[in-house]
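Okay, handing you the structure first.
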Amino acid sequence: MDEPLLRMRNITKSFPGVLALKDVEFELHAGEIHAIIGENGAGKSTLMKVLLGIYQPDEGTIHLKGKPFHAKNPRNAQDQGISMIYQEFNLVPDLTVAENIFLAREQRRFHNLLIDDKAMLSETRKFIGSLGLDIDARLTINELSVAEKQMVEIIKALVVKSDILVLDEPTSALTEKEVQRLFSILERLKNEGVGIIYISHRMEELNTIADRVTVLRDGTFVATHEWKAVTVPNLIRMMIGRQLNDLFPYVPSKPGEVVFKAHNLNRSSFLKDVSLEARKGEILGLAGLMGAGRTEFARAVFGADRKDSGVIWMDGKEITTRSPHDAIRHGIAYLPEDRKKDGLFLELDIYDNILAGNLTQYSSKGIVNDSTCRAIVDKRIAELNVKTHSPRKIVKYLSGGNQQKVLLSRWFCKQAKLIIFDEPTRGIDVGAKSEIYQLMNKLKQAGAAIIMISSEMPEILGMSDRIAVMYEGRITGELTRAEATSEKVMALASNLAVKA
Ligand SMILES: Nc1ncnc2c1ncn2[C@@H]1O[C@H](COP(=O)(O)OP(=O)(O)OP(=O)(O)O)[C@@H](O)[C@H]1O
Ligand SMILES: [Mg+2]
């Protein structure tokens, strides 16, 4: 066998209180797509951050094309041929798309040259076009959707030619079409001999593109296999160390009375006469393609955006939600999709993040009972299996998936009658997903009405009691659990008449 493009050996890295990587092995060949999988907190991102020079390993060696490799920082890694697309967005929110993309390359190609805006814009447009994308290069990052931000991250890494491209969960915010586009770009790069490292929790995707797979568990190396030589249940067992029988632990329920009702909600072009009901003790799946207006609906209900017209009832009484505060007062909770932006306090610890907004519930006469709080936080951490050595860990140092679990647990503390989950399991590993589903089941059995916005078809079909589908701001149909199939949901989501 010829020399691999990249060889990482005995990589060990610890952080205060955690051994994030222990003697990890990893090899990458030119022209292969190599998947890295593992539970949240298994060490995937850390291994890549060691490669990119964000962290220095405590032990271990790295060879690129047979020569010792060491990166001082990501820019230095990029200069030596390794680029990475991060799980967390690394964009400058107030700069435009073009400026962000040029930040990645100006130092290399335009060193000491003044960049003129026009040239930058037309270069960027050319690049966006050549990838078959449609993003306005003049908009600032703030003005983009999550999916568009993700695309900009990808473009940023592609503008510089690299021997190795690392992608850390690149598709979690992409539409099906964008995912296909990304895959064809990756195939092209692979055929040009680029080695691609692809971290993902989505097995279906890996099935399409992975040539080999390396499994990490608890910071240790489990195995590397040819993708074709292993089955998904096999991989799951390697990842979580046990068999997972039930990916979607659906529990049947008898829905109770209608707790929530929205009638003819309108908001400019985003929402057109949206009417929807949710019953006690049911999970209503809200399906649709990215941009169909599901998040807009949730935000209008939650009072995060103003609506132009329409009426909302809770428990049969008309309510007005001019702000999230109003909504919460009426028993409505919303777990947003863009968690970094809308929900987490990155500089605070897990404890404070879980209790944020819940403190009045655990205090009497304004005095917070610390031991009650501690017990609740410990319980949430255990229930959702947040991987941390202490509840006092600062949230920004948690792995991506574990950050999401922390935000989820905040909402589980609330006594809400209607809980809207927006893409609740995005970026979360299979084991933790099933824990989140079980928690939703508990909420449902306790009588909450749940609206679950999801772009994951298996999740929509697997967990919903009833499914409503949106297309371009409108509800195009509703299906019962029994009648729903992926074809029918897709047909409604793309507004095609369902063939009998
Ligand atoms: N800068 C840091 N300081 C302290 N601990 C850290 C730091 N970075 C990572 N860790 C810890 O190292 C472990 C591995 O984290 P890592 O981000 O590599 O996981 P991951 O496999 O990428 O998970 P996910 O699927 O959730 O993204 C976790 O326990 C995490 O909390
Ligand atoms: Mg990660």
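The values are calculated or read from the model by the stated rules, or taken from the named source; none is laboratory data. Small disclaimer: the values here were computed from a predicted structure and weren't measured. Cβ coordinates were reconstructed from backbone atoms using ideal geometry, including for glycine residues, and neighbour counts include every protein chain displayed.
Given the criteria more than 16 Å from ligand 2 (Cβ to nearest atom), touching a residue at least 24 places away in the same chain (Cβ under 8 Å) and crowded, with 22+ Cβ neighbours inside 10 Å, does M151 qualify?
Working: more than 16 Å from ligand 2 (Cβ to nearest atom): yes; touching a residue at least 24 places away in the same chain (Cβ under 8 Å): yes; crowded, with 22+ Cβ neighbours inside 10 Å: yes.
For M151, the condition - more than 16 Å from ligand 2 (Cβ to nearest atom), touching a residue at least 24 places away in the same chain (Cβ under 8 Å) and crowded, with 22+ Cβ neighbours inside 10 Å - is met.
Conditions tested, residue by residue: (1) within 16 Å of ligand 1 (Cβ to nearest atom); (2) among the aromatic types (F, W, Y); (3) within 30 Å of Q80 (Cα to Cα).
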{"position": "N191", "(1), (2), (3)": "no, no, yes"}
{"position": "N207", "(1), (2), (3)": "no, no, no"}
{"position": "T220", "(1), (2), (3)": "yes, no, yes"}
{"position": "T231", "(1), (2), (3)": "no, no, no"}
{"position": "G241", "(1), (2), (3)": "yes, no, no"}
{"position": "L247", "(1), (2), (3)": "no, no, no"}
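Just to be sure before I move on: is A42 in contact with a Ser or Thr (Cβ under 9 Å, 6 or more places away or on another chain), among the hydrophobic types (A, V, I, L, M, F, W, C) and in a strand (DSSP E or B) in the structure I sent? Break it down stepwise before answering.
Working: in contact with a Ser or Thr (Cβ under 9 Å, 6 or more places away or on another chain): yes; among the hydrophobic types (A, V, I, L, M, F, W, C): yes; in a strand (DSSP E or B): no.
Criteria not met by A42.
Pick from the stretch 21-39 the residues that are in a loop (DSSP other than H, G, I, E, B) and farther than 21 Å from K405 by Cβ: which of them is nearest to ligand 1 (Cβ to nearest atom)?
Here the answer is E32.
Working carefully through the options K49, K67, find the one that is basic (K, R), in the same structural domain as R188 (by TED's automatic domain parsing) and within 15 Å of ligand 1 (Cβ to nearest atom).
Working: K67 fails: within 15 Å of ligand 1 (Cβ to nearest atom).
Answer to the check: K49.
Moving to a separate point now. Given (1) buried (at least 23 other Cβ atoms within 10 Å of the Cβ); (2) more than 9 Å from ligand 1 (Cβ to nearest atom); (3) closer than 20 Å to P74 by Cβ, identify the lone condition not met by G43.
That leaves (2) as the condition not met.
So that you can scan it fast, the table gives a plain yes or no per residue for (1) buried (at least 16 other Cβ atoms within 10 Å of the Cβ); (2) closer than 14 Å to K44 by Cβ; (3) of a type outside the set (S, T, N, Q):
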site	(1), (2), (3)
K190	yes, no, yes
H201	yes, yes, yes
N207	no, no, no
G219	yes, yes, yes
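Going by the conditions given, is M84 surrounded by 14 or more Cβ atoms within 10 Å (Cβ to Cβ), modelled with pLDDT under 95, within 16 Å of ligand 2 (Cβ to nearest atom) and at negative phi?
Numbers: surrounded by 14 or more Cβ atoms within 10 Å (Cβ to Cβ): yes; modelled with pLDDT under 95: yes; within 16 Å of ligand 2 (Cβ to nearest atom): yes; at negative phi: yes.
Here the answer is yes, as M84 does meet what is asked.
Can you name the residue in the stretch 375-393 that is more than 16 Å from ligand 2 (Cβ to nearest atom) and surrounded by 14 or more Cβ atoms within 10 Å (Cβ to Cβ) and is also modelled with the highest pLDDT among such residues?
Of the residues in the stretch 375-393, the ones more than 16 Å from ligand 2 (Cβ to nearest atom) are 375-384, 389-392.
With the extra rule that they be surrounded by 14 or more Cβ atoms within 10 Å (Cβ to Cβ), the set shrinks to 376-377, 379-381, 383-384, 391.
On the way: I376: 84, V377: 88, K379: 87, R380: 85, I381: 88, E383: 79, L384: 78, P391: 91.
Across the stretch 375-393, the extreme among qualifying residues is P391.
Being in contact with a Gly (Cβ under 8 Å, 6 or more places away or on another chain), of a type in the set (S, T, Y) and closer than 21 Å to E39 by Cβ, is that true of even one residue in the stretch 161-168?
No - not one qualifying residue is present in the stretch 161-168.
Quick one: count up the residues across the stretch 463-500 that are modelled with pLDDT under 95, among the aliphatic types (A, V, I, L, M) and under 24 Å from the mean Cα position of the chain (by Cα).
3
Now for a separate question. Do we find a residue being of a type in the set (K, R) and buried (at least 16 other Cβ atoms within 10 Å of the Cβ) anywhere in the stretch 238-256? Before the answer, list the steps.
Going residue by residue through the stretch 238-256, those that are of a type in the set (K, R) are 242, 254.
Restricting the remaining residues to those that are buried (at least 16 other Cβ atoms within 10 Å of the Cβ) gives none.
Within the stretch 238-256, not a single residue is of a type in the set (K, R) and buried (at least 16 other Cβ atoms within 10 Å of the Cβ).
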